Amino acid sequence: MLKVAWLVRLSPQADRDVVLRAWNEDHAKLIRDVPGVERYTHNQAVAIAEGPGAGTETPVIDGIVCTWWTDEAALEAALGSSEWQEVLAHGREIFDPDFALANRAVAVQERVMRIGPGTPWSGADVPAPLCKHMGVLYFRSGMARADASAHWTEVHGALALDIPEIRYYVQNHGIRPLRLDGADGNGDFAFDGFSEAWFDDRETFERSHESPAWYRLRDDSPNLFDVDAIEAGVNVVVDERVIKG
């Protein structure tokens, strides 16, 4: 299974409630009906999770889209389909044309680090009542991708697993840049990866931030990530909506 994700910023020129509904309903239906889509989720950003602006400022993105495809051939066929052209045309109506990451996606390798009790992981079926945190990540300048990926899994990931409040934890490592309009990604990653972590509720999530285990995780971040990027609003609490799968 191939997982592909991209970031979304809605048009600031239209009524927010209107474009938000259009994204979650009209646009979602168009993507859901594209041949080859196996699973599909919208993760609507509701708050900056931590750092400057947490709980007070609006995130710099409106959401993170995750799609799963049978394989690369299914994805390539979909990007050339008439159904996908409808997706692109509708996107031009509701998304911010000045967003630097528009139409840029990343194929990721999904590494499931922790599965919570009682729910087998399928990529898109974690119970809705849980609080979900997503961190879109950029590796520190000068680090080889293989070295950064190894540190993320073996060191940073191990520290995250020391936080007992995390019920589910998934790392998504960027493996190939893509463009949603079918053009070549040219090796330019929109982001290096993203983490997904689920907590029993928002209160538990906030409380975990004050634990020694969380401070150890935070202290390791500069060894691996561009911390300025993390604190710029791509570290968010999201409302996960399973559209398909």
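The values are calculated or read from the model by the stated rules, or taken from the named source; none is laboratory data. Remember, it's a predicted structure, so these values are computed and weren't measured experimentally. When we count neighbours, we look across all protein chains shown, and the Cβ atoms used for this are built from the backbone with ideal geometry, even at glycine. To get the accessible areas, we keep the full protein, side chains included, count just its heavy atoms, and leave off ligands, DNA and RNA. Shrake-Rupley method; radii C 1.70, N 1.55, O 1.52, S 1.80 Å.
Observations on the structure shown:
- Test for residue 186: is it assigned to a loop (DSSP other than H, G, I, E, B), of a type outside the set (Asp, Glu) and either at positive phi or out of contact with any helix residue (DSSP H, G or I) (no Cβ under 8 Å at 6 or more places or on another chain) (or both): yes
- Looking across segment 53-91 at every residue that is of a type in the set (S, T, N, Q) and assigned to a helix (DSSP H, G or I), the one that is farthest from residue 172 (Cα to Cα) is identified as 82.
- Pair list, Cβ under 8 Å, 6 or more apart: segment 153-177 residue among the aromatic types (Phe, Trp, Tyr), other residue open to solvent by 40 Å² or more (accessible area, probe 1.4 Å): 168/114; 168/115; 168/121; 169/112; 169/113; 169/114; 169/161
- The single condition from (1) closer than 30 Å to residue 15 by Cβ; (2) of a type outside the set (S, T, N, Q); (3) in a loop (DSSP other than H, G, I, E, B) that residue 105 fails is (3).
- Of the residues in segment 165-175, not one is aliphatic (A, V, I, L, M) and in a helix (DSSP H, G or I).
- Search result, residues across segment 129-148 that are closer than 30 Å to residue 202 by Cα and assigned to a loop (DSSP other than H, G, I, E, B): 129, 130, 138, 140
- Test: residue 63 is open to solvent by less than 20 Å² (accessible area, probe 1.4 Å), of a type outside the set (A, V, I, L, M), under 30 Å from residue 203 (Cβ atoms) and over 19 Å from the mean Cα position of the chain (by Cα): no
- Tally, over segment 109-122, of residues that are within 22 Å of residue 190 (Cα to Cα) and buried (at least 17 other Cβ atoms within 10 Å of the Cβ): 1
- Number of positions in segment 192-245 that are open to solvent by less than 40 Å² (accessible area, probe 1.4 Å), assigned to a helix (DSSP H, G or I) and under 22 Å from residue 104 (Cβ atoms): 2
- Every residue from segment 142-171 that is open to solvent by 30 Å² or more (accessible area, probe 1.4 Å) and either of a type in the set (Phe, Trp, Tyr) or closer than 10 Å to residue 114 by Cβ (or both): 161, 167
- Screening residue 176 on (1) farther than 22 Å from residue 47 by Cβ; (2) crowded, with 19+ Cβ neighbours inside 10 Å; (3) of a type outside the set (Asp, Glu) shows it passes everything except condition (2).
- The condition (being at pLDDT below 95 and among the β-branched types (Val, Ile, Thr)) is satisfied by just one residue among 126, 155, 170: 126.
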